[in-house]
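Note sheet for the following structure.
The values are calculated or read from the model by the stated rules, or taken from the named source; none is laboratory data. What you are looking at is a predicted structure, and each value in this text was computed from that prediction instead of being measured. Ideal geometry is used to build each Cβ from the backbone, glycine not excepted, and the neighbour counts take in all protein chains shown. In case anyone asks, the SASA skips ligands and DNA or RNA and just uses the protein heavy atoms, side chains included. Shrake-Rupley method; radii C 1.70, N 1.55, O 1.52, S 1.80 Å.
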Amino acid sequence: MYLFVCLSMGYFLLQWCDERFDFQATFLQCLAKHVPNIYSAEMDPLVEKQEEMVQAAILYPLECYLFGEDPDIFLEKLQQSGTSQLCGKVFKGGETTYSCRDCAVDPTCVLCIDCFQNSIHKNHRYKMHSSTGGGFCDCGDTEAWKAGPLCTKHEPGASSSPKEVRILRVFPSVIKYIVDMLIWEEDKELPVELTIREKVDSYYCVLFNDEHHSYDHVIYSLQRALGCELGEAQLHTTAIDKEGRRAVKAGHYASCQEAKEEIKRHSENVSQRPLHVEVLHADVMAHQKFALRLGSWLNKLMSYSSDFRQIFCQICLKEEAGSEKPCFISKLMLWDARLHKGARKVLHELIFSSFFMEMEYKKLFAVEFVKYYKALQKEYISDDHDRVLSVTALSVQMFTVPTLARHLIEEQNVITTITETLLEVLPEYLDKNDKFNFQGYSQDKLNRVYAVIYDLRYVLVSKPTVWTDRLRERFLEGFVSFLRILTCMQGMEEIKRQIGQHIEVDPDWEAAIAIQMQLKNILLMFQEWCACDEELLLRSYRECHKAVMRCSTNGRSREKTVFHLCGHTLESRPYRVSADPVSIHLPLSRTLAGLHVRLSKTGAISRLHEFVSPLLVEYPLRCLVLVAQVAAEMWRRNGLSLISQVFYYQDVKCREEMYDKDIIMLQIGASLMDPNQFLLLILQRYELADAFKKIKPTKDQQYNVLIEEMLQILIYVVGERYVPGISNVTKEDVIMREIIHLLCIEPMAHSAITKSLPENENNETGLENVIDKVATFKKPGVSGHGVYELKDECLKEFNMFFYHYTKTQHSKVSSPLKRDNRKIALPPPPPPDFSPAFSNVVRILNCDVMMHILRTLLQRAVELETHLWTEAMIQMVCLSLYIKILGFFFSLKALSYFSLCKGMGSSALNAVNVLMLLEKLKRVPQLEAQKDTVNWILQLPMISLFSYCKTQSSQDKEKAERKRKAEAARLHRQKIMAQMSALQRNFIETHKLLYENTLEVQGKDDKIPLVILYLIALGPKRGLSVTEKEVLTCILCQEEQEVKLESAAMVLSACVQKSTALTQNRSRILELSGDPLFMHPDLPCGTHTGSCGHVMHAACWQKYFEAMQLNFRQRLHVEQIFDLENGEYLCPLCKSLCNTVIPIVPLQAQKINRAKYSSSIKEMLILFATTIYRVGLKVAPNEADSRIPMMTWSTCAFTIQCIVLLPNFKGEDTPSLLEVDMFHVLVGAVLSFPSLYWEDAVDLQPSSVSSAYNHLYLFHLTTLAHIMQIIISSATGGCVSVLMIYTINYCGGFSFVFYSCFSQDIPGWLVWDCVKKGIMPYLRCAALFFHYLLGVSPPEEIVDFCRNDQKLSRDSWLFIPLFTLIFIILIIVLFYLCRYPRKRNHLIELPEDYSCLLNQASQFRCPRSSDDEQKHPVLCLFCGAMLCSQNTCCQELVNGEELGACTSHALQCGAGVCMFLKIRECKVVLIEGKTRGCLYPAPYLDEYGETDPGLKRGNPLHLCQERYRKLHLLWQQHCIIEEIARSQETNQIFFGFNWQLL
C-alpha cells in the first residue's frame, strides 16, 4: 500500500509541474483517488497512520511543487528570515491573558503570556484574566496600545518570498475544495469531479454535538440505541464533545438509518429535543475530514510568510464576475452556524492567521462581516453553540480598532446596522403599544442578544478626535436608530398597585433590568460621543427631545385639574402613582437629562430653544414617587419583584442611568419652571396635597414616610451638585466624594470600594487616582485583608444626607464623630455653586410653598402632635433651612434683615415665625438629639445677629433654670451616697468574724516555705511526681467532677488520622496494613491523634453521639458533612471534626495495677485504642487483635514527634537497624515493660526504685541504638562502607574503631557539635514523653527549649551516664559529616510573582492527552507535582473506583489528605479522602492585601509569606480535616461537587 502511494505521488507531482495540465483537475483527481482510502476506517481510526499517508500521498508532493525544493529546508529559511509584527496567537479556554491598564486603548487589548513577559508592560499596572477562548493576542497592533505595541519577539525583520506563480495555481484550488466540502449539503453524493469510482454502499451514522444534552444523556442514548458498552459510549461522547461530531455506526444505509432513528427516539426520552444525527456516505465523510486537514495545513503555511497570507485573502475575497454569489470567505461565514465544532475551529483559525494579520485585508474582511451582520447574528441566536464557537465572536477584533470602527461607521453605517439587528431579533417581545415586555422570556436567547449589545459597545469604545461631515451624519443616523430602541423601552412593563388580594405570581423583571445594565455604558458612550462636537450635541438633543415628547403625549386624554396652595395654582392632568400604571424604565428621559447636562457643561445650552415642559419632569417624578411609596410599604401586595426593581434602580450597577438621571431631570425642571409650580407638582404626585392644607391629615404613618421621602428628594434637588455640568466640579471630585462617604460607614477593602463605585466603558472606576488623597491604607495581618481608613481632615466633607446612601448605610453614619464621649452632629459642607444653567434651582427654597411646608412641619413638632411628624422629618427641615441660609451667605456674602426676611417668605412675619419655632424646638424633649442641628442654624452669622436681641432674655432664663436643676441633682446624689455608706458599715459590723478569719488565712499562706525538688526524670535519683487534684467541667451538662481511677470516665473529643507530615520520601509506597511493631525512621505514614481539649463525661458524650445519629437518620435527604458510620461527629462546643474520645486518667507514676480502673474508663480506653487500630491500619474493628497495643503506643510516639520536630532521614529499604525509628521503640518498650510483672495468680508491682531503673536502662538502650543510627547515616553517597560494617559489629571490631580514632585529625569541638545536633530531636521527644508519663516537673530550660537548646544536652534531667558520652565520642570521631538534626518538612517553595506560576501552567501538557486543549493544572503543595485536574484523561481506577488525578495523588502523597493550588483560578483546594474537600484562600495577595479567586479583578499578585506560613501550620498541626469540616458546615455550596473526580 505504501509503495503504491509513493508511485502515485510521483505521478501526480510530474503532472502538476507540467504547465499543460490543469492543476485543479489533476489536484481533485489526486484527492478523489487517495482520500477515501486514507480515511476509510472512521469507527476506529489510526490517526498516526492516516497522517503518515496524507503526508506521503498529498501534502508532501504539494509542498514540493509549491516551494520548488525540499519543504523542510524552504520553511526553515522563511522562519529564519524574519517574524511577523503581529503575534496572532489564538487563545484557548482557560489560558491566561494580560492587559496593561496604562497603555491599552481599551480592556479588550490583551497579550499572551510570552509577549507580556517580553514587553515593557510587565513593569506597568496590568491585569490578568483567564480567557474564555477565541481571543487574539494584540501584540504588534499599533492601534491597540498607547505605548510599547511590540514585544522583543515580534520586532519586524526582512522576509523572503515564495514563488508567487505556483501559489496562485495551488491556493485557489485548495481553497475552493475546502469551501465546497465544508458547505456540501448532499449526504449521499460527492461532486462529479471527485467521483472516479463506482459508488459503494458504505455509510456512517454520525452524531453531532449540541449544548442541550449532557454527557450522561448522550451516553445513555448510545447505550440503549446501539447496545454498546459503557466504555465505548464514553469514548464516543468524549470525541463528540471535542470535535463536534463522531461516527458511531458503520454499515449499509438501511442499518445506519435505523441507528439514527433509535438514537433520536431514546434521546427524546431524556430531553425535550432529540440529538442531531445524520447518515453520511463514507466518501463524503472522508473528504470533509480531509478538507479540515487542508485548512490546518494552510494555517501552518500562513504563519511563515506575509505573501501566503495576502494571496489567501485575495482569493477568499474575490467575487465571481457578473455573479451575485458571495465570495469564499462570506460563504464560510454564512455557513458557520451549520458547521460542527471542529470545522468552526479550523475556519476561525484561518481567519485569525490570515485576515487579522494583515491590516489592509482586515478592513476588507470587516466590510464583508458588516454586510452580512444581520444574517450572521440571527443564525447565532438560533444556534445552540457557545459564542466562542461562532464567527460573530470575531466582531471584537474589528470593532475595537479605532480607525476601522470609524471606517465602518462612515462607509457601512455599522451603528445603524447593529441597532436595526437588535430590533429585528426581538419582535416577539413587543406588545401592542410597541413596548418591550419580557414576560415568559427565554434566558438563553437574551444571553445571545446581549452579543449584539456588546458589538455596539465595541464600536463606541474609542471617541473620535476629528469629526468629518460624513462621520457626523452617519453617527447621528445611528443615534436616531438607537433612540427607536429606547422608545420601545420607555415605559415598558408598567405595573399597577395591587389592592386587596396579594399578587399570585411575581412577574418576570430580571430581563428588563439586565438589558438596562447592558445599555448603561452604551448610553454614557453615546452621550460622550455627542459631547465631542457642539453641533452634533445640539442636533442629538433635539432628536432625543422629540422622541421623549412623542412618548409623553400618549396619556393626554384626561381633563386638567386645578390645585391651590398659598395663593398659587397648578393646572395638571390627574394622575396617581398609587392607582394608575407606572414604569421604572425611562431610558429616553434619562438620556435627555444626560445630554442637557453636557450642554450646560459645554456652554452650548444658550443655543437651545426647546421648551422644557412639565411633561419632561413628569415621568422621572412618578418613578421617584413609586420608590417613596414602596418605602412606605404601600406596594407590599405586589410581591418581591417590585422590591427587586427598586433595589437595582438605586444600586451602583444601574443608578448612573436611572436614579441619578431622575434627580438631574428634577433639577432641570426646578431650574426652568416656576418654583411654586414645581413644588405644587411634587406635592400632587406624592399625593400630599391635603397634608399641608388647613385640614388635619389622618394618623396614617404612610403619610409621614411620604413626607420624609419628599423632603429628602427636595434636599437632593437643591444640595446634590457634584455632577460635571450642574456645577463646576470634575470627575475626580465626584469620585473623591463617593469614597469619602463610603469610608464614613466603615474602613473598606480596595475591592469593596471598587464594587461600590460605577465603572466606565473601560471598566475603570478612577479609584487609584484619588484614593491616596482621602484615605490611608492599613496592611492586613495573617488573615483578613487590607483596608482603607478615611483621613480625619476629610470628615468635614461628610453629608449625612448623601443621596447614594441606602437606609442601612444612612443609619450607620448618622453620627460618625464623638467628642468627650458625647456624640455630636456634623453640619453638611457648603455645596459648590450651581452652573449658570442651574442657578435658578435654589429658588425653590425661597418660594412661598416651600416656606409653608417647612413652617407647617415645625409648627406640628412644637405643638407635640407626635403622629403628624417624625424626628427624621424635622432633621430634614432643619437641613433645608441650613442649605437655604448657607446658600445666601456664600452667594451674597451679607444680607440685611429685610433681605433675609424676604428670602424666607413673602413677609418679615414668616422669618420671625420660623425663628421662633426653631427656638421652641430646642425645648421639645423628643427632639433632644436634634438640638445640635437647630444650633447650626441659630448660630449662623446672619441668624445670630438677627435673633440676638430677641433671644437674649430667653437665654438668661434658660441659664438660670439649668443652674437650678444642676444644684438639685447634686444634693440628690449626696443623699444617696450617704445612705449607701451607712448600709455598708452596718454589713461589716454584722459579719465581722468572717472578715477576721479571711485575714488570718491570708497571713498564713504568705509564710509557706518554698520546697526545692530534684529535677531528674529517670533513674534512682528521680524527682518527686507532682500530683494535683484535677477537677474538670463537662461542656454538655456543666457539672464538675474530680478525675479518679474509680470514678466514671471523663473524655476529650479527639480526631485520629493517618499522616505523612514527617516523611521526606513521598515516593515510598504506603502500606495500608501490616505489622506496626517497628516504624521506619523515614516515618512514611503514621497515625496522629489530636484533640480540641474540650472535656465531657463519657455518658454525656455517648448520649450526644446517639442523639446525633438519630437526628441524621431521620434527615436522609440532607447531605452529611461527617461519616457517622465511622464514628465521626462534631465537637459540641467548637464544632471540630472528631472520630473518637481520649479517656482522662489520673497520674499514677509509681503504680501499675489495672484492676482499679473503673469499667467506664476501661470502656473508653478500648474505644480509643480500637479507633486508632481501625484508622491506622484501615481494617475493621477487632478488640482481640494483638496489634492494638502497638498501634496505640505508635500513635503516642508519632504525635509527640509531630509536636517536637519533623525529621529528615533517609535509609535503604532493608531490615536492619536503619529501618527502625528509635523513639517509637522507646515509647513501646516503656509502656509494655510492666506487663512482664503481670501474672494471673499474683498481683505483682515493681518497686519505685525498680521502675526507675527499668526506665533508665530502656532509655540507655534506645539512646545507644539511636547514636548508632546517627553514625551510620552520616556517610556520603548513600553507601555503607567497611568502617560502617565494623561499627555495626562493634563487638568484633572494637579495637579497629579504637585505633582508627587516633588516625583522624578531627577537632574535639566538631565531634561535640555533631553529637549535640544529632541527638537533640530525640532527647526533646523523650523529655516530653517522660514528663507526662511520670509527672516530674522539668527545669525551665526544658520548658522553653526552643529558646535554649544547648542546656538540654548538658543538664542531668534525663541522667545520661558519662560512659555513654565517652562511647559516643569514640564512635563519632570516625566520621566528620553528620546529617542530624533532622530537617523540618515544609511546603514547596512558591515563586514570589504569581505570573511565574501562570507561565509554568501555560507550558504544562497533560502526560496522558495528545491534544493541545487547555487543561486545569493544579500544583501539589506537599511535593510540587503538577497534575491535570477535572479531566477524564487522568482518571485512575483504584480499588474498583474511578478517582481523579488529585484524589489518587492525595492517597499516595498525603494518605488521603492533601493541599493543592489551582493555578488558573488562584485557589487552594484542601481534600480529605474521596468525599470531602473545600476551597481555601490562596497565599497570593495583590498590593491592596486581598486575594483574587478566579483572577476576576486581575491585579498583579505576590506571595504573602505569613499566609503561606499559615497554610504550612495548617498541614503541620494536622488541622486540614478540621478546616474542611468547618468550611462544609458553614458553606454548603460544594455539597454537590464530586470530590472523587477532582
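Data overview
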| item | result |
| --- | --- |
| Close pairs (8 angstrom Cβ cut-off, 6 or more residues apart or separate chains): farther than 18 Å from LYS546 by Cβ and open to solvent by 10 Å² or more (accessible area, probe 1.4 Å) in segment 612-627, at pLDDT below 90 and hydroxyl-bearing (Ser, Thr, Tyr) anywhere | ARG622/TYR575 |
| Criterion: more than 28 Å from GLN314 (Cβ to Cβ), charged (D, E, K, R) and either part of a helix (DSSP H, G or I) or modelled with pLDDT under 90 (or both) - qualifying residue of ARG457, ARG406 | ARG457 |
| Qualifying residue in segment 424-433 (condition: touching a Leu at 6+ places or on another chain (Cβ under 7 Å) and at pLDDT 90 or above) | no |
| Segment 1117-1159 - residue that is open to solvent by 60 Å² or more (accessible area, probe 1.4 Å), within 32 Å of the chain's Cα centre (by Cα) and over 16 Å from ARG1476 (Cβ atoms) and, of those, modelled with the lowest pLDDT | HIS1117 |
| Looking only at segment 758-775, and only at residues there that are part of a loop (DSSP other than H, G, I, E, B) and within 24 Å of GLN650 (Cβ to Cβ), the one that is modelled with the highest pLDDT | PRO758 |
| Evaluation of LEU364 against (1) closer than 24 Å to VAL480 by Cβ; (2) open to solvent by 10 Å² or more (accessible area, probe 1.4 Å); (3) in contact with a helix residue (DSSP H, G or I) (Cβ under 6 Å, 6 or more places away or on another chain); (4) of a type in the set (A, V, I, L, M) (one fails), failing number | (1) |
| All positions within segment 194-209 that are at pLDDT below 85 and either open to solvent by less than 20 Å² (accessible area, probe 1.4 Å) or not β-branched (Val, Ile, Thr) (or both) | LEU194, ARG197, GLU198, LYS199, ASP201 |
| Answer residue from segment 45-96, given it is of a type in the set (Lys, Arg) and outside any helix (DSSP H, G or I) and is farthest from the chain's Cα centre (by Cα) among those | LYS89 |
| Residue that is surrounded by the fewest Cβ atoms within 10 Å (Cβ to Cβ) [pool: residues in segment 210-245 that are at pLDDT 85 or above and of a type in the set (Val, Ile, Thr)] | ILE219 |
| Residues that are at negative phi and open to solvent by less than 30 Å² (accessible area, probe 1.4 Å), drawn from segment 246-259 | ALA247, VAL248, CYS256, ALA259 |
| In segment 745-765, the residues that are touching a strand residue (DSSP E or B) at 6+ places or on another chain (Cβ under 9 Å) and open to solvent by less than 20 Å² (accessible area, probe 1.4 Å) | ALA749, HIS750, ILE753 |
| Residue in segment 31-52 that is of a type in the set (D, E, K, R), within 30 Å of CYS205 (Cα to Cα) and open to solvent by less than 30 Å² (accessible area, probe 1.4 Å) present | yes |
| Long-range neighbours under 6 Å by Cβ, at least six apart or interchain, first residue closer than 14 Å to GLY1489 by Cβ within segment 1500-1526, second open to solvent by less than 20 Å² (accessible area, probe 1.4 Å) and acidic (Asp, Glu) | LEU1501/ASP1486 |
| Long-range neighbours under 9 Å by Cβ, at least six apart or interchain, first residue free of Cβ contacts under 8 Å to residues at least 40 places away in the same chain within segment 1383-1405, second part of a loop (DSSP other than H, G, I, E, B) and among the acidic types (Asp, Glu) | ARG1405/ASP1412 |
| Hits in segment 473-502 - residues which are polar (S, T, N, Q) and touching a Leu at 6+ places or on another chain (Cβ under 6 Å) | GLN490 |
| Flag for ALA56 being of a type in the set (Gly, Ala, Ser) and surrounded by fewer than 20 Cβ atoms within 10 Å (Cβ to Cβ) | yes |
| Hits in segment 839-850 (condition: of a type in the set (A, V, I, L, M, F, W, C) and in contact with a Cys (Cβ under 8 Å, 6 or more places away or on another chain)) | VAL849 |
| One residue from LYS653, LYS693 being basic (Lys, Arg), touching a Lys or Arg at 6+ places or on another chain (Cβ under 8 Å) and open to solvent by 50 Å² or more (accessible area, probe 1.4 Å) | LYS653 |
| Scope segment 387-400; condition open to solvent by 10 Å² or more (accessible area, probe 1.4 Å) and β-branched (Val, Ile, Thr); matching residues | VAL388, VAL396, THR400 |
| Residues of segment 776-800 classified as open to solvent by less than 30 Å² (accessible area, probe 1.4 Å), in a strand (DSSP E or B) and over 25 Å from GLU656 (Cα atoms), total | 1 |
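Conditions tested, residue by residue: (1) hydroxyl-bearing (Ser, Thr, Tyr); (2) free of Cβ contacts under 8 Å to residues at least 60 places away in the same chain; (3) open to solvent by less than 20 Å² (accessible area, probe 1.4 Å).
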residue: GLN80; (1), (2), (3): no, yes, no
residue: GLU95; (1), (2), (3): no, no, yes
residue: LEU111; (1), (2), (3): no, yes, yes
residue: ASN123; (1), (2), (3): no, yes, no
